[in-house]
Amino acid sequence: MNLFGIAALLIVAFYLFSSIIILREYERGVIFRLGRALVPPKGPGVILVFRPFDQIVRVSLRQEVLEVPPQDVITRDNVTLKVNAVITLRVLDPARAVIEVANYVYQTSQFAQTTLRSVLGEVELDGLLSHRDALNQRIQTIIDARTEPWGVKVVSVEVKQVDLPESMLRAMARQAEAERDKRGKIINSEGEYEAAQRLVDAAKLLAEQPQTMQLRYLQTLRDIGTEKNTTIIFPLPIEMLSLLQHAIRHLPAAEAPLPSERA
């Protein structure tokens with residue numbers, strides 16, 4: 001074998017060696033041979049790409065996280081907000097993701113921004129704060145319907161942060177404070193009502209059993225006696241106060257002169 005044959009073999013061996021490409025488990029290679037895409041995509045493992053006739057585009061099948069930059073949103077009740085979101089997507093069809101769209105990540109980001117503004121602009125502020133899961137699902141459905149022809153699946157959409165203006169934060173703080181004050185007054189009034197009801201029940205019970213009042217007197221004396229003081233309390237039955245009040249009420253009538261004496 002002459003020198004020319006050896007050089008040719010070395011060139012062919014080097015060309016074949018340089019044509020070897022290893023694709024990871026999560027990668028697929030879309031090969032364009034003379035400008036036409038080879039279907040299905042190649043990989044994973046070892047594949048051969050015969051340049052310059054073949055060109056390969058690597059596509060990852062892993063989930064990708066796309067952050068939507070803050071968007072100025074005017075809600076239905078005319079509140080200006082700044083809202084950003086996080087989108088999780090993955091490629092299901094590598095060939096369509098390469099052929100149908102120039103850059104599926106960039107176009108998904110742009111469409112997500114417009115969808116975020118349009119969907120959140122149809123709801124009020126309270127609905128945005130309290131029904132965020134339903135809004136996330138709605139935004140995901142709209143974006144997924146748009147990216148499905150590209151072979152891209154939108155896995156989830158999460159509204160990440162909602163920035164409120166300072167005036168709205170102060171208004172919400174005043175509203176929360178008023179709501180707390182209202183709940184405190186209601187709880188206090190309910191406690192007063194229950195206490196009054198208990199007192200009424202206790203008064204009825206004491207009225208049915210008068211001797212229990214004497215027991216309460218003795219208990220009160222015992223409680224006072226445990227303290228170190230010189231105060232002495234003599235219990236006075238309520239019946240004596242009632243008799244004294246009755247006598248005072250009839251005293252002016254008894255001392256008043258009769259009509260015959262006035263004549």
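Odds and ends about this structure:
- Members of the stretch 130-151 found to be closer than 21 Å to E67 by Cβ and under 25 Å from the mean Cα position of the chain (by Cα), listed by number: R132, D133, L135, N136, Q137, R138, I139, Q140, T141, I142, I143, D144
- Selection count, the stretch 28-50, where residues are part of a strand (DSSP E or B) and surrounded by fewer than 19 Cβ atoms within 10 Å (Cβ to Cβ): 8
- Matching residues, the stretch 118-159, being touching a residue at least 60 places away in the same chain (Cβ under 8 Å) and either more than 18 Å from A97 (Cβ to Cβ) or in contact with a helix residue (DSSP H, G or I) (Cβ under 6 Å, 6 or more places away or on another chain) (or both): G151, V152, V154, S156, V157, E158, V159
- Residue check, T88 farther than 30 Å from S19 by Cα, modelled with pLDDT under 90 and not charged (D, E, K, R): no
- Residues that are free of Cβ contacts under 8 Å to residues at least 40 places away in the same chain and of a type in the set (D, E) are absent from the stretch 61-72 altogether.
- Of all residues in the stretch 12-39, those satisfying the criterion of being over 18 Å from A97 (Cβ atoms) and in contact with a strand residue (DSSP E or B) (Cβ under 7 Å, 6 or more places away or on another chain) are S19, I20, I21, I22, R33.
- Filter result for A173 (under 50 Å from the mean Cα position of the chain (by Cα), at pLDDT below 80 and not assigned by TED's automatic domain parsing to the domain that holds L129): yes
- The residue that is farthest from L92 (Cα to Cα), among those in the stretch 61-70 that are exposed (fewer than 14 other Cβ atoms within 10 Å of the Cβ) and of a type outside the set (A, V, I, L, M), is P69.
The values are calculated or read from the model by the stated rules, or taken from the named source; none is laboratory data. These numbers come from a predicted model, not from an experiment. Heads up, the Cβs are rebuilt from the backbone with ideal geometry, glycines too, and the neighbour counts pull from every protein chain shown.
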